[in-house]
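Read the structure below first, then the notes.
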Amino acid sequence: MLTRRQFLKNTSLLSASTALSSTISYAGDSATLEKIVIEHVKTLSEGKETLTLLHPKGSLANIQPVAAQFTAATGIKINFSEVGVDDINSSIIFSATQNQYTFDIALPATFGIPDLVSAEALHPLSQYTKQYEPSDYKQYQLYDYGDYVNDEFYGYQTDGDTYLMFFNKAMMDDKDNKKRFKEEHGYPLVVPETWDKLDDMIRFFHKPKKSQYGGCLFRVLGYGAWEWWSRFHAKGYFPLSDSLEPQINNDAGIAALQEMIDISQYLHPKTATDGLFENWATYAKGQTFCNIGWGGSQKFFNSNKSSVKGGLYYSPTPGGTFTVNGKEKDVHCPIFNWGWNYVVSSQCPHPEIAYLFTLYACSPVMSTLSVQQDGFFDPFREEHYDDKAIQNAYSINFLKAHQLSMEESIPDFYLQSQSSYLSSLQENIHLAYKGSLTAKQALDITATEWKIINNRVGKEKQKNNWRELKNKYPSPLKNILI
């Protein structure tokens with residue numbers, strides 16, 4: 001098997017020649033995947049076609065350099081159409097249901113792909129991957145669980161959105177803090193592997209009278225459920241049973257939510273109102289012990305706008321303690337909970353050319369160029385972690401934690417009507433946080449609403465979807481959870 005470093009040294013990807021059409025004469029070791037794709041595009045087009053790319057606000061910086069090189073090589077112009085981050089999936093569904101041809105390629109949030117497929121908004125692409133995709137392409141891709149629906153390929157993952165933790169290094173390294181924490185808790189002050197230890201540290205560092213706070217964990221509607229999702233999995237359960245019965249309102253789920261509610265009083269007061277970008281600005285002031293976020297968070301914390309640049313420790317999201325092979329082991333529970341995928345519209349008149357653009361954009365060289373930019377896209381292929389520009393943007397220590405988190409990530413809830421399941425969970429968790437519902441009431445209501453969604457989608461169909469999704473859970477969690 002080709003090693004990663006051999007792969008990086010030999011950019012020819014000669015193995016692609018067996019997967020690609022034999023109509024192209026390959027130029028030996030000089031034929032990179034990008035050049036091969038361009039040659040195929042030239043045989044399929046007159047160079048006069050125009051492709052429209054629908055993208056979420058904030059990602060244009062990642063796309064433009066790649067599109068410019070594609071246009072220069074093929075003559076095919078790429079037009080850009082921007083939509084709000086929270087609106088792009090619904091915009092794609094609207095175009096499909098209204099039979100409106102408004103784009104050729106799009107970048108929806110990965111979690112929405114099952115619903116986009118159900119709405120017949122996307123062109124299935126497996127026929128093209130069999131023809132064009134190099135045989136070892138996915139060997140170096142760290143996460144592709146959201147690319148498929150019912151074993152059909154619908155689009156390349158282009159963003160490594162896994163949850164991570166950030167810790168204030170100065171606070172953790174302080175000798176007095178280390179001494180007092182060990183005396184109080186009986187274990188050392190080091191990066192926590194489990195949620196209960198993190199909660200101990202959040203309480204320990206919270207000193208509001210000294211303008212020092214325990215954490216900046218999100219408490220606004222739309223974000224908090226993902227923390228609970230990790231805390232819940234750390235208790236040892238899947239969110240659904242094999243029969244599709246919700247397990248979120250069992251004793252473990254209620255305990256996870258109550259712990260989340262209880263720790264909220266030790267967070268920065270602005271967590272009650274801070275959205276994503278406000279959260280970054282608050283944490284970057286250096287007054288708070290920990291935060292939760294993505295690669296985009298780190299790009300900000302590692303910038304000159306931040307007081308914590310160079311002053312953080314990183315780890316995957318904490319987990320729980322389980323028995324693995326007869327021994328007690330702490331197992332992380334990071335979540336892959338967003339991401340963007342290159343997909344092709346079901347109404348695109350040139351689906352093969354559109355697909356080849358997506359393969360080009362997600363190829364090793366072009367995706368590295370894309371992730372280097374100041375936009376949404378975070379590393380998602382092994383090659384990205386050795387790139388100097390990406391290391392400068394994120395820092396090497398962060399990238400080590402990010403790669404580990406990508407490899408250990410629990411997949412997002414890739415079921416049909418995902419947005420309905422998660423909206424119910426988000427809303428009721430938020431009501432519990434505000435005190436309008438107890439933890440038990442919030443999760444009982446959510447479980448009831450989930451049963452209604454199951455029936456609406458079709459239980460047998462959803463059982464199959466859930467069975468496939470469970471198989472994509474990482475080891476050892478897949479063999480631990482019940």
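From the list G224, G319, pick out the single residue that is modelled with pLDDT under 95 and in contact with a His (Cβ under 7 Å, 6 or more places away or on another chain). Write out each step before concluding.
Working: G319 fails: modelled with pLDDT under 95.
Every option except G224 fails the conditions.
Go through segment 277-291 residue by residue and tally those that are in a helix (DSSP H, G or I), of a type outside the set (F, W, Y) and buried (at least 16 other Cβ atoms within 10 Å of the Cβ).
First, pick out the residues of segment 277-291 that are in a helix (DSSP H, G or I): 277-283.
This time we only want the ones that are of a type outside the set (F, W, Y), so: 278-279, 281-282.
Next, from what is left, pick out any that are buried (at least 16 other Cβ atoms within 10 Å of the Cβ): 279, 282.
Qualifying residue count for the region: 2.
Give segment 356-384 a look and list any residue that's open to solvent by 10 Å² or more (accessible area, probe 1.4 Å) and touching a strand residue (DSSP E or B) at 6+ places or on another chain (Cβ under 7 Å), or say none.
Matches in segment 356-384: P364, F376.
Rundown of residues vs (1) under 25 Å from R231 (Cα atoms); (2) more than 19 Å from the chain's Cα centre (by Cα); (3) touching a residue at least 12 places away in the same chain (Cβ under 8 Å); (4) assigned to a strand (DSSP E or B), yes/no style:
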residue: F322; (1), (2), (3), (4): yes, yes, yes, yes
residue: V343; (1), (2), (3), (4): no, no, yes, yes
residue: C348; (1), (2), (3), (4): no, yes, yes, no
residue: A354; (1), (2), (3), (4): no, yes, yes, no
residue: F357; (1), (2), (3), (4): no, yes, yes, no
residue: V365; (1), (2), (3), (4): no, yes, yes, no
residue: V371; (1), (2), (3), (4): no, no, yes, no
residue: F377; (1), (2), (3), (4): no, no, yes, no
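Kindly evaluate S303 against the criterion of being out of contact with any strand residue (DSSP E or B) (no Cβ under 8 Å at 6 or more places or on another chain) and open to solvent by 10 Å² or more (accessible area, probe 1.4 Å). Break it down into steps so the answer makes sense when it comes.
Numbers: out of contact with any strand residue (DSSP E or B) (no Cβ under 8 Å at 6 or more places or on another chain): yes; open to solvent by 10 Å² or more (accessible area, probe 1.4 Å): yes.
Taking the combined requirement at face value, the residue satisfies it.
I'm checking my understanding of the structure. Among residues of segment 226-264 that are assigned to a helix (DSSP H, G or I) and of a type in the set (S, T, Y), which one is most open to solvent (accessible area, probe 1.4 Å)?
Pass one, segment 226-264, residues assigned to a helix (DSSP H, G or I): 226-233, 251-264.
Applying the additional criterion that residues be of a type in the set (S, T, Y) yields 230, 264.
Details: S230: 0, S264: 22 Å².
Among those that are assigned to a helix (DSSP H, G or I) and of a type in the set (S, T, Y), it is S264.
Just give me the residues in segment 424-482 being aromatic (F, W, Y) and not in a helix (DSSP H, G or I), in sequence order.
Step one: filter segment 424-482 for residues aromatic (F, W, Y), giving 433, 450, 466, 473.
The answer is Y473, and nothing else.
Hey, can you tell me all the residues within segment 147-160 that are open to solvent by less than 30 Å² (accessible area, probe 1.4 Å) and modelled with pLDDT of 95 or more?
Of everything in segment 147-160, those that are open to solvent by less than 30 Å² (accessible area, probe 1.4 Å) and modelled with pLDDT of 95 or more turn out to be D147, F153, Y154, G155, Y156, Q157, T158, D159, G160.
Could you run through segment 379-392 and say how many residues are closer than 20 Å to G339 by Cα and assigned to a loop (DSSP other than H, G, I, E, B)?
2
Between A401, A447, A439, which is in contact with a helix residue (DSSP H, G or I) (Cβ under 6 Å, 6 or more places away or on another chain), open to solvent by less than 40 Å² (accessible area, probe 1.4 Å) and among the small types (G, A, S)?
Working: A401 fails: in contact with a helix residue (DSSP H, G or I) (Cβ under 6 Å, 6 or more places away or on another chain); A447 fails: in contact with a helix residue (DSSP H, G or I) (Cβ under 6 Å, 6 or more places away or on another chain).
Every option except A439 fails the conditions.
Of all residues in segment 202-225, count the ones that are more than 26 Å from the chain's Cα centre (by Cα) and crowded, with 18+ Cβ neighbours inside 10 Å.
Result for segment 202-225: 4.
In the set P192, P188, which member is farther than 30 Å from L33 by Cα, open to solvent by 30 Å² or more (accessible area, probe 1.4 Å) and not in a helix (DSSP H, G or I)? Even if it seems obvious, please write down each step before you answer.
Values: P192 fails: open to solvent by 30 Å² or more (accessible area, probe 1.4 Å).
Selected residue: P188, the only one of P192, P188 that is farther than 30 Å from L33 by Cα, open to solvent by 30 Å² or more (accessible area, probe 1.4 Å) and not in a helix (DSSP H, G or I).
Out of segment 120-136, which residues are open to solvent by 30 Å² or more (accessible area, probe 1.4 Å) and within 23 Å of the chain's Cα centre (by Cα)? It would help to see each step written out before you state the result.
Residues of segment 120-136 open to solvent by 30 Å² or more (accessible area, probe 1.4 Å): 120, 123-124, 127, 130-131, 135.
Matches in segment 120-136: H123, P124.
May I ask you to say which residue of Y101, Y140 is touching a strand residue (DSSP E or B) at 6+ places or on another chain (Cβ under 9 Å), open to solvent by less than 20 Å² (accessible area, probe 1.4 Å) and modelled with pLDDT under 95? Outline the logic, then answer.
Details: Y101 fails: open to solvent by less than 20 Å² (accessible area, probe 1.4 Å).
Going through Y101, Y140 in turn, the sole match is Y140.
So how many residues does segment 324-340 have that are outside any strand (DSSP E or B), out of contact with any Gly (no Cβ under 9 Å at 6 or more places or on another chain) and either surrounded by 15 or more Cβ atoms within 10 Å (Cβ to Cβ) or of a type in the set (A, V, I, L, M) (or both)?
2
Please enumerate the residues belonging to segment 102-124 that are under 18 Å from T358 (Cβ atoms) and either among the aromatic types (F, W, Y) or touching a Ser or Thr at 6+ places or on another chain (Cβ under 8 Å) (or both).
Taking segment 102-124 as the starting set, the residues that turn out to be under 18 Å from T358 (Cβ atoms) are 102-110, 112-113, 116-117, 121-124.
Once the filter is applied, which keeps residues that are under 18 Å from T358 (Cβ atoms) and either among the aromatic types (F, W, Y) or touching a Ser or Thr at 6+ places or on another chain (Cβ under 8 Å) (or both), segment 102-124 yields T102, F103, D104, I105, A106, L107, G112, A121, L122, H123.
Restricting the search to segment 298-322, which residues are under 18 Å from M172 (Cβ atoms) and among the small types (G, A, S)?
Residues satisfying the conditions are S306, S307, G310, G311, S315.
Take the residues in segment 78-92 that are at pLDDT 95 or above and open to solvent by 50 Å² or more (accessible area, probe 1.4 Å), then tell me which one is farthest from A109 (Cα to Cα).
Residue satisfying both the conditions and the ranking: N79.
Would you pick out the residues in segment 212-245 that are of a type in the set (K, R) and either out of contact with any helix residue (DSSP H, G or I) (no Cβ under 9 Å at 6 or more places or on another chain) or over 17 Å from P316 (Cα atoms) (or both)? So that I can check it myself, show each step before the final result.
As a first pass, look at segment 212-245 and keep what is of a type in the set (K, R): 219, 231, 235.
Of everything in segment 212-245, just one residue is of a type in the set (K, R) and either out of contact with any helix residue (DSSP H, G or I) (no Cβ under 9 Å at 6 or more places or on another chain) or over 17 Å from P316 (Cα atoms) (or both), namely R219.
Sort out which residues of segment 191-243 are in contact (Cβ under 8 Å) with a residue 24 or more places away in the chain and polar (S, T, N, Q), and write them in order of number.
T194, S211, Q212, S230, S243
The values are calculated or read from the model by the stated rules, or taken from the named source; none is laboratory data. Source: prediction; values computed, not measured. So basically every Cβ, Gly included, is an ideal-geometry build from the backbone, and we count neighbours across all protein chains shown. Ligands, DNA and RNA are excluded from the accessible area calculation, which covers all protein heavy atoms including side chains. Shrake-Rupley method; radii C 1.70, N 1.55, O 1.52, S 1.80 Å.
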